[in-house]
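Input: a single structure, listed below in structure tokens.
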Amino acid sequence: MTFPWHLYLMGAFYFFAGINHFRKPRLYLKIIPPYLPYPKLINAASGLSEIILGIALCIPLLSTIAAWGIIIMLIAIFPANIYMFTNDKARLGLPRWIVLSRLPLQIVLIIWAYCYA
């Protein structure tokens, strides 16, 4: 049995999203709700998590664990998506409908990861 190519696609998606947390931290810091402490640490931890989980998805021995990790991470970052939708400054100038579409997209990403969990 060959390793599914779409796991590599998912892995690359999370790897590069994680890298972006370090390339453009201000973008992510704006969407972290203010009631959460240590936003810089949260940004770095979520970026590092995405990088590690993206790589782990591409390793057959670790892909199931990584898929569960992604599900947990997506649930953990959901408050940032809600904050982004409810706060005009956190929207980053994006139209409200695009930000709204991120909410169900999280569910789609969770289902996609669950396919490999």
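The values are calculated or read from the model by the stated rules, or taken from the named source; none is laboratory data. Note that this is a predicted model, so its numbers are computed, not measured. Cβ placement follows ideal geometry from the backbone for every residue including glycine, while neighbour counts extend to all protein chains displayed. Ligands, DNA and RNA are excluded from the accessible area calculation, which covers all protein heavy atoms including side chains. Shrake-Rupley method; radii C 1.70, N 1.55, O 1.52, S 1.80 Å.
Out of the residues in the range 76-104 that are among the hydrophobic types (A, V, I, L, M, F, W, C) and under 11 Å from the mean Cα position of the chain (by Cα), state the one that is surrounded by the fewest Cβ atoms within 10 Å (Cβ to Cβ). Ranking the qualifying residues of the range 76-104, first place goes to ALA76. Within the set LEU92, LEU61, LEU74, the sole residue that is aliphatic (A, V, I, L, M) and closer than 18 Å to ILE110 by Cβ turns out to be LEU74. Looking only at residues in the range 1-18 that are aliphatic (A, V, I, L, M) and open to solvent by less than 60 Å² (accessible area, probe 1.4 Å), the one that is modelled with the lowest pLDDT is LEU7. For the range 35-75, the set of residues classified as open to solvent by 60 Å² or more (accessible area, probe 1.4 Å), touching a residue at least 24 places away in the same chain (Cβ under 8 Å) and farther than 15 Å from PHE16 by Cβ consists of LEU36, PRO60, THR64, TRP68, ILE75, listed by residue number.
Here GLY93 passes the criteria (1) at pLDDT 95 or above; (2) farther than 17 Å from GLY18 by Cβ; (3) not β-branched (Val, Ile, Thr) except the one numbered (1).
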